[in-house]
Amino acid sequence: MATHQRSRIAILAGAKEVIAKVGSYESNMLEIAEHAQVSRATVYNHFSDKDEMFLTLVESEVERLAALAAKAATPGDALYVMSREISTDSALARMAQTDPTDIAKLVTVTDHKIWNQIRHSLGKLFGDGNSGLILHWLISQIAAPLSEVDSRHQANQLAVAISH
């Protein structure tokens, strides 16, 4: 993997760590650079500002979740994996506590390219006609995370519902 790509991955991982610690609003590029073990200049070589980095982080998380779901053996398992990832994500949990405005933006479905990416990923996994239902189910878990048992139960129920 090229140095540029390794730096970008490290920066996004550092950003997620910082957000999990202090929330998105209180995060800053210097602290993110420290967590990523890169210079602040390297962060700015990749991202013009914190908003661009945050959007890229969301996009990479969507790709990561879609890849995990694609590896699942059944639709119920795929839904369960995505549910657990969202319900146990420490950065989302911190943002829900400290950054209600950012969470509101994050869960407001728009015509932005990221929502198109999410709809497309969910459509590939579960069928285009089911992507909206699944999207709203997953979004709800940002503000109200599910327990492991509830994730499994609801994922299985949803898998049955979309198979009809």
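Relative to the Cα centre, what is the charge dipole magnitude of the stretch 3-162, using +1 at the beta carbon of each Lys and Arg, -1 at the beta carbon of each Asp and Glu, and rounding to the nearest 20 debye?
So the magnitude is around 320 debye.
If I model a spin label as a point 7 Å beyond the Cα along the Cα-Cβ vector, how far apart are those points for residue 101 and residue 49 in nm?
1.3
Subtract the Cα-Cα distance of residue 111 and residue 93 from 0.36 nm times their separation in residues, and report this length gain in nm to one decimal.
Going from the current span to full extension adds 4.0 nm.
Please state, to two decimals, what the Cα-based radius of gyration of the stretch 3-162 comes to when divided by 2.2 N^0.38 Å (N = residues).
For the stretch 3-162, the normalised Cα radius of gyration comes out at 1.07.
What does the net charge come to around residue 64 if you take all other residues with beta carbon closer than 12 Å to its beta carbon, with K and R at +1 and D and E at -1?
So the surrounding residues net to -3.
All other residues with a Cβ under 13 Å from the Cβ of residue 89 taken together, and with Lys, Arg as +1 and Asp, Glu as -1, what is their net charge?
+1
Which three extents, in whole angstrom, do the alpha-carbon atoms of the stretch 80-164 cover along their principal axes, largest first?
40, 33, 13
With each label point set 7 Å from Cα along the Cα-Cβ vector, what nm distance links residue 157 and residue 25?
3.4
Taking a point 7 angstrom from the Cα of residue 143 along the C-beta vector, which residues in the stretch 24-61 have backbone N less than 18 Å away?
Under 18 Å, as judged by backbone N against the label point of residue 143, lie 24 of the stretch 24-61.
What number of lysine-lysine pairs in the stretch 1-115 show an alpha-carbon separation below 19 angstrom, given a sequence spacing of 8 or more or placement on distinct chains?
Lysine pairs satisfying the spacing and distance rule in the stretch 1-115 number 6.
Under the rule of -39500 (n - 2.57) per DSSP H run of 4 or more residues, summed and divided by the residues of the chain, what mean residue ellipticity at 222 nm is obtained, to the nearest 500 deg cm²/dmol?
Helix-only estimate at 222 nm: -24500 deg cm²/dmol.
Considering all projection directions equally, how large on average is the shadow of the alpha-carbon convex hull of the stretch 34-111, in square nanometres?
Quarter of the Cα hull surface area: 6.8 nm².
Please find the FRET efficiency linking residue 34 to residue 150, where r is the Cβ-Cβ separation and R0 is fixed at 41 Å, and quote it to the nearest 0.05.
0.65
Calculate the FRET efficiency for residue 63 and residue 164 from the Cβ-Cβ distance with a Förster distance of 35 Å, rounded to the nearest 0.05.
Working from the Cβ atoms, E equals 0.75.
Which residue fluctuates the most in the chain, going by a Gaussian network model with Cα springs under 10 Å, if the choices are 14, 129, 76?
129
Where a number appears in this text, it was derived from the coordinates with a stated rule and is not lab data. Everything quoted here is computed from the prediction, not taken from an experiment. Cβ: placed from backbone, ideal geometry, glycine included. Neighbour counts: every protein chain shown.
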